[in-house]
1. Rounded to the nearest 20 debye, what is the charge dipole size of the chain about its Cα centre when +1 sits on each Lys and Arg Cβ and -1 on each Asp and Glu Cβ?
2. Using only the alpha-carbon atoms of segment 128-179, report the extent along each of the three principal axes, biggest first, to the nearest angstrom.
3. Over the chain, what is the mean sequence separation of C-alpha contacts under 8 Å (at least six apart), divided by residue count, expressed as relative contact order in percent?
4. Report, in debye and to the nearest 20, how large the dipole of segment 155-263 comes out about its Cα centre when Lys and Arg carry +1 and Asp and Glu carry -1 on their Cβ.
5. Ratio of segment 35-79's C-alpha Rg to 2.2 N^0.38 Å, to two decimals?
6. Springs between alpha-carbon pairs under 10 angstrom, Gaussian network model over the chain: which of Ala211, Ala54, Ala282 fluctuates most?
7. Report the FRET efficiency, 1/(1 + (r/R0)^6), for Ser287 and Leu224, where r is their Cβ-Cβ distance and R0 is 25 Å, rounded to 0.05.
8. Taking +1 at the Cβ of each Lys and Arg and -1 at the Cβ of each Asp and Glu, which of Asn283, Leu268, Asn305 sits farthest along the dipole of segment 223-306 towards its positive end, judged by Cα position relative to the Cα centre?
Amino acid sequence: MKKNVLPILAVLLAVLTVTILLPAALIWLWPDREKDPVTTPIELQTAPSDAQVAVYLTDQKQLITMPLEQYVRGVVAAEMPVHFEPEALQAQAIAARTYIVRRMAGGKKSELYPQADVSDNHNEGQAFSSEEKLKQRWGSADYEQNLSKINAAVNATRGQIALYEGKPIEALFFSTSSGKTENSEDYWGSTVAYLRSVDSPWDAKSDKFTATQEISLADFYKKLGLHALPAAEIGSLIKPIERSVTDHIKKIKVGDQEFSGPEFRSKLGLRSTLFTWQVNTANSTISFFTTGFGHGVGLSQYGANGMAQEGKKSDEIIRHYYQGVTLGQVSDILPTN
């Protein structure tokens, strides 16, 4: 009996060695399996009871109807960089959802296609990207991962909207402030209680914070509807006559012609109404040096991302940029199916 013990022990030892070493060998041969575990894509949460949004796609000249949350996803993907922090994307989702709910509750229809609630043209308030457009923009390699990230942000805020005195707010948003957002009346002319100027220092890190835009003097006169003036004199004939509390230009004169700051910005295609200028007589151009990007009222997207990087949650971001608001539910405003 004792003579048979040693061979048995040898076999057991060999089996034990293989059991221990084989998994380690497999990891060594295929290390990426440990580093890159397969993750399940996050699907968008919708329900048959969701409100339906009729969207006119301008490129395809087609009207499509989709669940509200699907529309919100298309807006977030179109309006905010996908690499932004999850809480910033969530804040954008709340703003986008609030915008369309306010519009639908008020019975407003698309100016481009009256049968639609809204179009995908950003001039109607906010842009929208279909899944086909997102595939083209992101590419097949990144599409699934990016869409999953947007889905997660929309799902996390599902049904949430911003309210003021029980009604959906005018959820204005823009790219980058000059360090402070604008009071609504300083840009749009009407005072809105929740659209107040607030500090937004995070925007200084945006790659859109400052810019230089050069325009030929010929185009400058044409776009403003002015007669040509001597290049040597034009610089002194441009005079700001009123500024906002954040130093943005509210009114400006060129010679004897007066423009509002937003009108001047729109006609010349400037990034913001906070600008200086320099006339270049050598090549008959005028350079504008802008700070910020967008109208400056409401939620700053780059500011939201900066807040998220500091650990702020989406509801904190919303309450910072829209003063005095509360969060409510779509079902409190729109009927369910």
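1. In total the dipole reaches around 460 debye.
2. Sorted largest first, the three principal extents are 45, 31, 18 Å.
3. 21
4. Taking the Cα centre of segment 155-263 as origin, the dipole is about 200 debye.
5. Against the empirical 2.2 N^0.38 Å value, I get 1.53 for segment 35-79.
6. Most flexible of the set in this elastic network: Ala282.
7. Result of the calculation: an efficiency of 0.95.
8. My answer, from the dipole projection, is Asn305.
The values are calculated or read from the model by the stated rules, or taken from the named source; none is laboratory data. Predicted model, so just to flag it, every value in this text is computed and none were measured. Glycine gets a Cβ as well: all are built from the backbone with ideal geometry, and neighbour counts include every protein chain shown. For accessibility, only protein heavy atoms count, side chains too; no ligands or nucleic acids. Shrake-Rupley method; radii C 1.70, N 1.55, O 1.52, S 1.80 Å.
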